[in-house]
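This report concerns only the one structure given below.
The values are calculated or read from the model by the stated rules, or taken from the named source; none is laboratory data. On a predicted model such as this, the values are computed, not experimentally measured, just so you know. Counting neighbours? That spans all protein chains shown, and the Cβs are built from the backbone with ideal geometry, glycine included.
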Amino acid sequence: MRHAVVALLLIAAGTAKGQTPEEAFPIPQSLQAAVDFWTRVYTEVDTQSGFIHDSSNLGVIYHTVRFETEPTPRQRRREVQRLTQQYRDVLNRLAEGSRSGLSTLEARVLSLWPAEVSDAELKTAAGRLRFQLGQADRFRAGLQRSGQWKPYIEQVLAERGLPRELVVLPHVESSFDPTAYSKVGAAGMWQFTRSTGLRYMRIDHIIDERRDPFLSTLAAARLLEDNYSVIQSWPLALTAYNHGLAGMRRAVRMHNTRDIGTIVANYTGRTFGFASRNFYAAFAAALEVDSNAEKYFGSLRLDPPSDTSTIEVPDYMTAGTIARSLGLAVSEVRQLNPALMDSVWAGDKYVPKGFALRLPAAAAAQAATAFDRVPATERFAAQQPDEYHRVRRGETLSGIAAQYRISLAALVRANNLRSRNFIREGQMLTLPIRGSDQATALAATAVVAAVDGEYVVRRGDSVALIARRLGVTEQQLVATNSIRNKNRIYPGQVLKVPGSDQGSPAADTVSVVLASNETAAEEPVRVAAATVPAPPPVLAPELERAPELEIELLQRPAEAAADESELDPSALASMQARLAADPSDYSIDADQSIEVQELETLGHYADWLQIRTQRLRDINGLSFRQAVVVGQRIQLDLSNVNAELFEQRRMAYQEGIQESFFSAYQIAEIRDHVIRAGESLWLLAQRTYNVPVWLLRQYNPDLDLDRINPGTIVKFPRLQRINGGTSQVSTGGELG
């Protein structure tokens, strides 16, 4: 019956907005060669073979490489380099004008090009050689795995009114492998980066919902829906899934079109490389192969759909207690709940209260009764507490582990570190300390909790807990820090320790009040080159008249490179990937201008450019203290830094803001609000929808938020607050 309902939903949903598949996912003639290329990659060559081809004209494949035995990566690289050089030499000889007396190889290479090909084009082609590893075996395995997840994905797409064709996207991302990880840190079947995933899922050292195929499917559907709502084109919404929504909006603006063929052919964004340029073509090829699997792979036996259900865990409990009470092996429970991190399975943390535990259907039906029989001594009212250590110069992970009498492996696991040899000064490490060690931990961290007379607020902290940890009264802590509402503190906030002789917060940490516009920044305070100063507190006019509406966001600005010699060439692309869900444009246009974004000031720009603020005022004709307005274009002076370094610093700052916010909140859904006469957008944002203005602007990037007419449709994110192991939907009131 359930599958019949899903089928009806799919029929009712159609593709999207009444479009046929051909209308929603067109294949322009200019992309057909690329679609054919990826179809061959997915069906003709496996991971023991591949194509040497032209990276621009994918219809030109010079050589099919087949490795007779499984080579080492070094052997494979050498063979590919040898063959690539061979074809480069051939193309260079042809580019000298030779058209007669050709060798067999030269004649074959020339025949791949039109008869009128010029010497210049062949010369250019010699620099465009590329190797593509085959994927046929992975695609076939993905087809088999897809049987387990497709019914659920199709159900989610239908319920949200999204095109059913999107069900094949995991073929491109992970071959339907929920355990997949990329070299840039993307995880799970849908390959979410941490920054993008934080908008829709809980991602921390206890739970990483990217790894759960069910939870991440819901998140992927919302992300794709959000992309489409902004850019109104499925080919571009899909490309934005890989390249970022800001880049696609920029491409549309630059070329005045939403035609995917035109954009792929002409858009030259610095990070719009081979993968992004070919993402939609690869999706179209995956759709072709998936729809005609027997044509390409013969008869396949797909994995059966997942026969599981979820039940909320009633109390904090260990994984061992849960498995034992259900009569299941811990390994079986772990396999079904990949979102729970190693710290839970190692016993360092409890399975959170309220966690939707996935179990075999039969076990889930009996779980409530089984949990009722768990002794009170094995139920807990709170999570194992987090304790932290701020890394100091010269410290090592092994030394920190020894200091707190914990294992190095547990410390690495608790912080999800990729390398136990790389930590940075100032980094906050979570200490995996169990309940019996709590008193020792509190004593041991009392010194490092307050560094130089300051305390950095952690997730789960309260004024009472911090005061107890620092050995002061709540009244002293509140008075010293001028805290107006002791229930409104945030991860990353810097508090002064009562009785310390420190006069002010650290230079690289600041409280920022979310506002619609910003006032002019003073000349930036010069700080250490490795830090980017944050703006001074600013208030929108509405908030100045109504201070009780303040919504404060405390964040620690991200570090930036001290000079261009420290610029990581891949950092810009990596940051753009991490901000893929953010449609804001952080790039520099060809005329060396930028669009002002929320929470940015002239002081920021001056520091990132390593110039004085007055220089920016002079070249933009701004008087002293004249405000820069969100959406305004500002001319830059790139005499001291290049565009890439400026963009890297800018995006690092924005990423830091978003990381702080999305560590506490998720986006549950997007609601359309029709503006009525007399409504204030800013009061709607903060009273009705309880959403910061910078996030509101991200979902309405093309609207002038200061001039909204009645009847205008504004998209408001509905936020869901992360609270321990559960999430709470925010429906109004303060974010606090």
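The table below gives the values:
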quantity: Set D54, D36, D46: member being over 24 Å from F297 (Cα atoms) and of a type in the set (D, E); calculated: D54
quantity: Residues satisfying the stated conditions in the range 322-347, i.e. within 14 Å of R413 (Cβ to Cβ), aliphatic (A, V, I, L, M) and surrounded by fewer than 20 Cβ atoms within 10 Å (Cβ to Cβ); calculated: A346
quantity: Subset of the range 170-194 [outside any loop (DSSP other than H, G, I, E, B) and crowded, with 23+ Cβ neighbours inside 10 Å]; calculated: P170, H171, V172, E173, A187, F192
quantity: Long-range neighbours under 8 Å by Cβ, at least six apart or interchain, first residue free of Cβ contacts under 8 Å to residues at least 12 places away in the same chain and within 17 Å of I667 (Cβ to Cβ) within the range 197-213, second of a type outside the set (S, T, N, Q) and not in a loop (DSSP other than H, G, I, E, B); calculated: I203/R194; I203/G197; I203/E209; I203/R210
quantity: Counted residues, the range 113-141 - those being closer than 23 Å to T64 by Cα, in a helix (DSSP H, G or I) and of a type outside the set (A, V, I, L, M); calculated: 7
quantity: Counted residues, the range 306-336 - those being at pLDDT 95 or above, closer than 30 Å to P163 by Cβ and part of a loop (DSSP other than H, G, I, E, B); calculated: 0
quantity: Pair list, Cβ under 9 Å, 6 or more apart: the range 266-284 residue over 13 Å from A34 (Cβ atoms), other residue in a helix (DSSP H, G or I) and among the basic types (K, R); calculated: Y267/R250; Y267/R277; G269/R250
quantity: Every residue from the range 56-89 that is surrounded by 13 or more Cβ atoms within 10 Å (Cβ to Cβ) and more than 20 Å from L105 (Cβ to Cβ); calculated: S56, L58, F67, P71, R76
quantity: Of all residues in the range 379-404 being surrounded by fewer than 19 Cβ atoms within 10 Å (Cβ to Cβ) and closer than 28 Å to A323 by Cβ, the one that is modelled with the lowest pLDDT; calculated: P385
quantity: In the range 638-669, residue surrounded by the most Cβ atoms within 10 Å (Cβ to Cβ) [restricted to those that are under 17 Å from L599 (Cβ atoms) and of a type in the set (A, V, I, L, M)]; calculated: M651
quantity: Number of the condition not met by L162 [criteria: (1) outside any loop (DSSP other than H, G, I, E, B); (2) outside the structural domain of P71 (by TED's automatic domain parsing); (3) surrounded by 16 or more Cβ atoms within 10 Å (Cβ to Cβ)]; calculated: (1)
quantity: Of all residues making up the range 670-686, the number that are exposed (fewer than 15 other Cβ atoms within 10 Å of the Cβ), assigned to a strand (DSSP E or B) and either not assigned by TED's automatic domain parsing to the domain that holds L719 or not hydrophobic (A, V, I, L, M, F, W, C) (or both); calculated: 2
quantity: Residue count, the range 401-412 (criterion: under 22 Å from M341 (Cα atoms) and part of a helix (DSSP H, G or I)); calculated: 6
quantity: Scope the range 370-396; condition within 30 Å of L470 (Cα to Cα) and acidic (D, E); matching residues; calculated: D386, E387, E395
